[in-house]
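Everything on this sheet refers to the single structure shown next.
No lab work stands behind these numbers, since they all come straight from the coordinates. Not measured: the values here are computed from a predicted model. Don't worry about glycine lacking a Cβ; one is built from the backbone with ideal geometry, like all the others, and counts go over all protein chains shown.
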Amino acid sequence: MTRYLIACDFDGTITRRDTLHLVVDHYGDPAMWDRLDGPLKRGELTIEQAMQREFATVRATPAQVLDLVREEAGVRDGFVEFAGWAEREGHRLVVMSNGFRTVIDDVLGRLGLGGLPVVSHDAEFGPEGTRLLWTDRGERCVLCGRRCKRAELAAVREGDPVVYLGDGISDRCVSGAADIVFARAGLAEWMRETGREFEPFEDFHTVRRYLEHLEEVAA
Ligand SMILES: [Mg+2]
Ligand SMILES: [Zn+2]
């Protein structure tokens, strides 16, 4: 049977709401995105610089951030069962996020999934503002020009077929390296508009059923 590397985005994919947006809306200055939009589009700022400026306005302790996420972010249906199924079937499930380890570890730990491998950045939250800690993703990606998730996927792939799940802009480039893509929200729209193949999903039961069906067809 096929053993997949299942690479899964975190914000808006495992969680129902994007925790970065949630935190900025609550503890930062959401209007900052509008002010940064022009400089970003003109290439005067990188996405990382824009995120750093946005999160500099976020004034909250780590406990406040984690409480907010616990109360408001939600977890997509079937995720815990899906993780258990993947482990039993011998698939490797890896969380691949452009967000923050502090938040991700807390959410996964509460779900009893603290052992899942996570690739992400991190943030030091504080009442005076937040500092972002970027994980080194090596050279800029030759395809998208950003330090994107492709390098991390290549590093953990070990030749396995890849299933990728995501919802946002940071999932676009890396999804091109996957054998099967499950997409929702903005990622699904983009893939539809650009004529790429994907499977829509809104919960993890759908994903599991699809992969189980593939096995049945192959058997
Ligand atoms: Mg996302
Ligand atoms: Zn890329």
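If you take the beta carbon distance between V142 and R196 as r and set R0 to 22 Å, what does 1/(1 + (r/R0)^6) give as a FRET efficiency, to the nearest 0.05? Can you show the working numbers first?
Values: r = 19 Å, r/R0 = 0.86.
After rounding to 0.05, the efficiency reads 0.70.
What is the Cα centroid distance between segment 84-141 and segment 54-80, reported in whole angstrom? Answer, in whole Å: 13. Each residue in I47, I104 was given a count of other beta-carbon atoms within 10 angstrom of its own, and listing them fewest first yields I47, I104. Counted by Cβ distance under 15 Å from A219, the other residues give a net charge of -3, where Lys and Arg count +1 and Asp and Glu count -1.
One compactness figure for the chain is 1.02, namely its Cα radius of gyration divided by 2.2 N^0.38 Å. Given their separation in residues at 0.36 nm each and the Cα-Cα distance between them, R70 and T206 gain 46.5 nm when the chain is fully extended.
The loop-placed GluC sites (Glu not before Pro) in segment 81-132, going by DSSP, that have at most 15 neighbouring Cβ atoms within 10 Å of their Cβ come out as E128.
Each Lys or Arg adds one and each Asp or Glu takes one away; over the other residues whose Cβ falls under 9 Å from the Cβ of G28, this sums to -2. Loop-located GluC sites (Glu not before Pro) across segment 129-219 with a Cβ neighbour count of 16 or fewer within 10 Å are E139, E158, E197, E202, with loop assigned by DSSP. Using R0 = 22 Å, the C-beta based FRET efficiency linking W33 and R110 works out to 0.15.
Report summary: the helix-based calculation at 222 nm, which adds -39500 (n - 2.57) for every DSSP H run with n ≥ 4 and divides by the residues of the chain, gives -13000 deg cm²/dmol. If you look at the Cα atoms of segment 97-219, you get an Rg and a Dmax of 16.2, 58 Å. Listed by Cβ neighbour count within 10 Å, with the fewest neighbours leading, D18, D203 appear as D203, D18.
A simple spin-label model places pseudo-atoms 7 Å from Cα toward Cβ; at R3 and D122 they are separated by 2.9 nm.
More than 22 Å apart: what percent of Cα pairs in segment 1-84 qualify?
42
Remark: the R131-E81 segment gains 14.6 nm on full extension, using 0.36 nm per residue and subtracting the alpha carbon distance.
Within the shell defined by Cβ-Cβ distances under 10 Å, the residues around R140 carry a net charge of +2, with Lys and Arg each +1 and Asp and Glu each -1.
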